[in-house]
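Working notes for the structure below.
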Amino acid sequence: MAHQLSMADLPYEVLTYILFKAPVKTLIKLRSVSKPLLSLIDSPCFIRLHLRYSIATSSNVTVILRKESELFSVSLESLDAADELAHPLMCYSNRIRVLGSANGLLCITNVAEDIAFWNPSIKKHKVLPFLPVDRPCDHGMSMCGARAYGFGYDSVNDDYKLVRISQFVDLESEGFASEVKVFSLRANEWRRVEEMNYVLCYMKKNGSLACGALHWVVTKKFKLDEFDQIVSFDLTDEIFRELPLPKCLEDQRVQIEVGALGDCVSVTADYHDVRVDVWVMKEYRVKESWFMLLSIARTEVVGSFKYLRPLAYSKSGKEVLLVLDNQRLVWYDLRTKRVKNVKILGMPDLFEAEICLASLVPVEASRRRCGKKHNLGEENHKKKRDDFLSEGFKLVL
């Protein structure tokens, strides 16, 4: 009787090559097929390889849509139907906020100020220790004039971090003070870091993650006539630094918003009733690398709108997905300068949007080393297997 070949009989290299390009939903189903497959798919090396492939090829990208208590997920590539997500922070009003996304992990919070790191793809979450707001030392300061969060990944230390900025304002003296605390998933604790000597321009505006840093729009003083600028917080050295603006936006009375397109910093400049420009910093921290990605007149191309935000590139990179007034999604063709309305089945009529990568990344800090042996039947030696994991990713790009 002929022997029937199973997946476990395949060489480790072949099996890994097949699986690390598979969608997350497929991999989750395969985890229940056998213990060897479970061991492979759950291994830190495989999770990292799958993540790197997804980022490099713009695969497994989803759009998260939030409306009050509801969260929806839709594939960026198809943008066809929105699937409702059951988030883990249920409370009396069920209202939810998304504080950021990194490598498939969402950081979410509710009205009770519970905060969790959550991977909706694998349905795992971790609730963070509660963090009260400290009273300012200067009693003339208000309890809390503004509070902002930022969530991201520190690639040097393989750590996911949440930054909370609490700002206190003295309206009489126009003074301010800030308290900045960082939660480290690897350390599983909050700790205080250096103060941010800038005033947040937008209350409750999340920091935008790009190039290993979080970014906010700020001013240097608590005055209405101050010019807006961008400050970054490096997630590795945990230091605030100013980021140069495009030369044409320096010292200009124009409303700006910082964001991210791909892994590049973007700036949206709103000239009120005239137009909206979107700039992208091609080389991080290099002022001369800013280039104008698009410019849209208020009444042209997309129709009348009050608010515009670029969300993501298409997989081909030839189009940009735009959010209009938190009510519409449109594809903007960078060559023809034309737009195409996006119609998603089940999409809420009013929403906030966030890009999230579907991944296998766990919500607990990984302490296992790559190269741990997996029992997959006849497999090659450990060194060859490890070499494949480190080099195999290069072979497919």
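The values are calculated or read from the model by the stated rules, or taken from the named source; none is laboratory data. Bear in mind that the values here come from a model prediction, so they are computed numbers and not experimental data. Because the Cβ atoms are built from the backbone with ideal geometry, glycine has one as well, and the counts that use them run over all protein chains shown. Accessible surface is based on the protein model in full, side chains and every heavy atom, while ligands, DNA and RNA are left aside. Shrake-Rupley method; radii C 1.70, N 1.55, O 1.52, S 1.80 Å.
The table below gives the values:
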read-out	value
E257, E283, E77, E189, reordered so the largest accessible area comes first (probe 1.4 Å)	E77, E283, E189, E257
Surface accessible to a 1.4 Å probe, H272 within the full protein complex, Å²	110 Å²
Protein-only accessible surface order, largest first, of F291, F183 at 1.4 Å	F291, F183
Estimated vicinal HN-Hα couplings, Hz - the range 38-48 in sequence order (Karplus 6.51, -1.76, 1.60; Gly, Pro = x)	4, 5, 5, 5, 8, 6, x, 5, 5, 4, 5
In Å², nearest 10: area of D83 left accessible to a 1.4 Å probe	80 Å²
Trypsin sites (Lys or Arg not before Pro) restricted to the range 239-286 and DSSP loop, no more than 14 other C-beta within 10 Å	R253, K282, R285
Accessible surface, 1.4 Å probe, highest first, among residues K204, K67	K204, K67
Prolate/oblate/rounded call for the range 69-109, Cα gyration tensor, a/c under 1.5 rounded	oblate
Extended-chain gain in nm, criterion 0.36 nm per residue less alpha-carbon gap, V111 and V14	30.1 nm
Label point distance in nm, S289-R253, each placed 7 Å from Cα along Cα→Cβ	3.4 nm
F227-R192 FRET efficiency (beta carbon distance; Förster radius 25 Å; 0.05 resolution)	0.30
Inter-probe distance in nm under a simple model that places probes 7 Å from Cα toward Cβ, at V127 and K306	3.7 nm
Calculated FRET efficiency for the pair E242/R275, C-beta based, R₀ 30 Å, to 0.05	0.70
Calculated FRET value between A86 and S366, using beta carbons and R₀ = 41 Å, to 0.05	0.95
Solvent-accessible area of L245 with every protein chain in place, 1.4 Å probe, in Å² to the nearest 10	10 Å²
